[in-house]
Amino acid sequence: MRFAHSLLLSSLALTSSFSYAQSFTLPIWKEEAQALGYELPKPIGFNLSYMALEQSIDVTSIGFNGLNLPSFVRNIDMQAEQGKQTSEVLTLRADMWLFPFLNLYVLGGKMTGTSETAVNYDVAIKPLFPNRPDHHIKGRIDNFKLDLDGYLYGGGVVLAGGYKQIFGLVDISYTETELTVIDGSISAWVISPRLGYDFYQQGLPLRVWGGAMFQNVEQSLSGKLSDLNLPPFIENIAKNGTFHIEQQLSTPWNPILGMQYQINPNLYLLAEAGFGDRTSLFTSIDFRF
């Protein structure tokens, strides 16, 4: 698959960079940073992570094609209310500290999730006699649900710095998810600034931080109307039609808190939680060489 192929090539490139690093030291300017008193992680890493996420979504548009409506139906209009999206993501990431302040990474993984909202529908029936208003059949679908299973791939950069025990970093990433259950894709920009404290000089290999997460997510979803949980009479008059839905996150920002524990110079454990309109739990194990 495309994400796996891209991740394999990128991982090989990072491994080649690690081999090439034998002729010079990574990260670049390592000695200068250590002379200033900075403790640097090993330059090459592989990270296995799991994330569970729940957030609100707004459906910006619902469109239909190929409805082939019967002659007595003028049109069908559907308007979605604010909904909820839940997802779980398992990710493998490979990264490299190119400079003491700059980390580059690529990632790939598997997502399972659902998008669920309520939809109000309005079916306009043509009048029997001319110059009469349409008759409207209105209702509400409480469980308008879409499966969002797919494979994701992408990459990003981390900018980092610090003074004594205080450190700060900004993580910027872009991912693309190719859905498998329905047609469509999800593209996401994520920016996460963090500010934290390092307890290493107190004899404890622990870092804690707080920050925020910004997500700019565009979801473009398509499929058959017959695959949705629609009322029977709508399925009967639109059974050959397809849908196209555009949706985005209701709230782009949310606060986060996290911690990282160093078991040894080659192995780290990390946990991070998100709060507010977007709740999340992120855990990872990081192997560094």
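Values in this text are rule-based calculations from the coordinates and carry no lab data. Predicted, not measured: the structure shown is a model, and the values here were computed from it. Note that each Cβ is placed from the backbone with ideal geometry, even for glycine, and that neighbours are counted across all protein chains shown.
Binning the alpha carbon pair distances of segment 2-288 at 5 angstrom intervals from zero yields the distribution 1, 5, 10, 14, 14, 12, 10, 8, 6, 5, 4, 3, 3, 2, 1, 1, 0, 0, expressed in whole percent. Computed from backbone phi, the HN-Hα couplings of segment 254-261 come to 7, x, 9, 9, x, 8, 9, 10 Hz, rounded to whole numbers (Karplus: 6.51 cos²θ - 1.76 cosθ + 1.60, θ = phi - 60°; Gly and Pro given as x).
Mean residue ellipticity at 222 nm, helices only, the chain: -3000 deg cm²/dmol; runs of at least 4 DSSP H residues each add -39,500 (n - 2.57), and the sum is divided by the number of residues.
When the dipole is taken about the Cα centre of segment 2-288, and only Lys, Arg (+1) and Asp, Glu (-1) are charged at their Cβ, what size is it in debye, to the nearest 20?
Value, rounded to 20: 60 debye.
Helix 2-20 and the longest principal axis of the C-alpha atoms of the chain enclose an angle of approximately 10°. A viscosity of 1.567 mPa s and a temperature of 4 °C, combined with the Kirkwood radius over C-alpha pairs in the Stokes-Einstein formula, give segment 64-169 a diffusion coefficient of 68 µm²/s. Across Ser49, Ser87, Ser226, mean-square fluctuation computed from a Gaussian network of the chain (C-alpha pairs under 10 Å connected) peaks at Ser226. Computed over the chain with a Gaussian network model linking Cα atoms closer than 10 Å, the most mobile of Val217, Val73, Val106 is Val73. Taking only Cα atoms and a 10 Å spring cutoff, compute GNM fluctuations for the chain and point out the largest among Ile191, Ile234, Ile137. Ranking Ile191, Ile234, Ile137 by mean-square fluctuation puts Ile137 first. For segment 89-140 versus segment 67-88, the spacing of their alpha-carbon centroids is 13 Å.
Phi-derived couplings, Karplus 6.51 cos²θ - 1.76 cosθ + 1.60 at θ = phi - 60°, listed residue by residue for segment 46-54: 10, 10, 10, 9, 9, 9, 10, 9, 9 Hz, with x used for Gly and Pro.
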